[in-house]
1. What is the ratio of the Cα radius of gyration of the chain to 2.2 N^0.38 Å, where N is its residue count, to two decimals?
2. Count the net charge of all other residues whose Cβ sits under 15 Å from the Cβ of Ser17, scoring Lys and Arg as +1 and Asp and Glu as -1.
3. Which GluC sites (Glu not before Pro) from region 71-154 combine a DSSP loop assignment with at most 13 other Cβ atoms within 10 Å?
4. Just to be sure I understand the rule: take each whole DSSP H helix in the chain, project its Cα atoms onto its long axis, keep it if the span is 15 Å or more and its mean Kyte-Doolittle hydropathy is at least -0.5. Which ones pass?
5. What are the ³J(HN,Hα) couplings of region 136-151, residue after residue, when phi is run through the Karplus curve with 6.51, -1.76, 1.60 and θ = phi - 60°? Round to Hz, x for glycine and proline.
6. Place a +1 charge on the Cβ of each Lys and Arg in region 17-136 and a -1 charge on the Cβ of each Asp and Glu, then give the dipole magnitude about the Cα centre in debye, rounded to the nearest 20.
7. First compute the accessible area of region 39-185 with a 1.4 Å probe, then give the percent of it belonging to carbon and sulfur atoms.
8. Using a Gaussian network model of the chain with C-alpha springs under 10 Å, which one of Lys43, Lys163, Lys202 is most mobile by mean-square fluctuation?
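The values are calculated or read from the model by the stated rules, or taken from the named source; none is laboratory data. Bear in mind that the values here come from a model prediction, so they are computed numbers and not experimental data. As a convention, Cβ positions derive from the backbone with ideal geometry for all residues, glycine included, and neighbour counts pool all protein chains shown. In case anyone asks, the SASA skips ligands and DNA or RNA and just uses the protein heavy atoms, side chains included. Shrake-Rupley method; radii C 1.70, N 1.55, O 1.52, S 1.80 Å.
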Amino acid sequence: PKLVNLLTSIEYPMLHSLVRVETNGAKINGQMLSEYSDELAVKIDELSKNAFKMAGEEFNMDSPKQLVEILYNKLDLPVLKKTPKGQPSTNEDTLQRLAEEYDLPKIIIEYRGLAKLKSTYTDSLINIQHPATKRIHTSYQQAVTSTGRLSSTEPNLQNIPIKTAEGRKIREAFIAERGNVLISADYSQIELRIMAHLSGDKNLTYSFNNNIDVHSATASEIFNIPLEDVTSDHRRS
């Protein structure tokens, strides 16, 4: 009965709102995306040239096989992890660890990030906007995520990076019609507030009761520095 009530009182009525949102679509600034795509192409080309210079030869940055040849066979970087087939790994996690000591893996990571932004967003968003509405019409799924939030497909508008300047620039291309505004609303640290309430933890509770940013407060304790000295890097860590 509880689940039937959830279905009839929340999920079904929500459908009407979602249909309106999907039909209205999201307006984008196509010219801005096109110009930014050109900018990314230049950056990607520069990164490729730097990588070729470090490797001493040109290679396909998107080919795991050629990366193995360059990183491990030619440059003799340490093999930190292997694939199930026994090949040295070139996945994101492995390259991140190698990038702490070596420059080429750092460039490859940056290249991959920009290349993904270009192919997944700046190029494809322009191509998939509806020819009549000139808007992006994504589909919102109600029953896909385990946490119960909506998910977005074709395209996934919830996956545009926000922590990098490049990702934020793509978000800026989503615009409102003249005379309208886009607003963002979010619960502030809802899971941690529930945890503070259930656990009664004195530090968490104090932070929330005194309107202190809980991640900054945590970073202050972990790094043993005053709250006012906490940087965004401390907070993220």
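1. On the way: Rg = 23.0 Å, N = 237, 2.2 N^0.38 = 17.6 Å.
Cα Rg divided by the expected 2.2 N^0.38 Å: 1.31.
2. Values: positive: Arg20, Arg149; negative: Glu11, Glu22.
Combined, the nearby Lys, Arg, Asp and Glu give 0.
3. Values: sites: Glu92, Glu100, Glu101, Glu110; in loops: Glu100, Glu101.
For GluC sites (Glu not before Pro) across region 71-154 that sit outside H, G, I, E and B with at most 13 neighbouring Cβ atoms in 10 Å, the list reads Glu100, Glu101.
4. Details: long enough: 12-24 (19 Å, -0.09); 30-55 (37 Å, -0.32); 103-117 (22 Å, 0.27).
Those that pass (Cα extent of 15 Å or more, hydropathy at least -0.5) are 12-24, 30-55, 103-117.
5. Running phi through 6.51 cos²θ - 1.76 cosθ + 1.60 with θ = phi - 60° gives 8, 10, 7, 10, 9, 9, 8, 10, 10, 7, 6, 7, x, 6, 6, 10 Hz.
6. Details: 17 positive and 18 negative charges, 109 e Å.
For region 17-136, the charge dipole is close to 520 debye.
7. Details: 4700 of 9450 Å².
Carbon and sulfur together cover 50 percent of it.
8. Lys202
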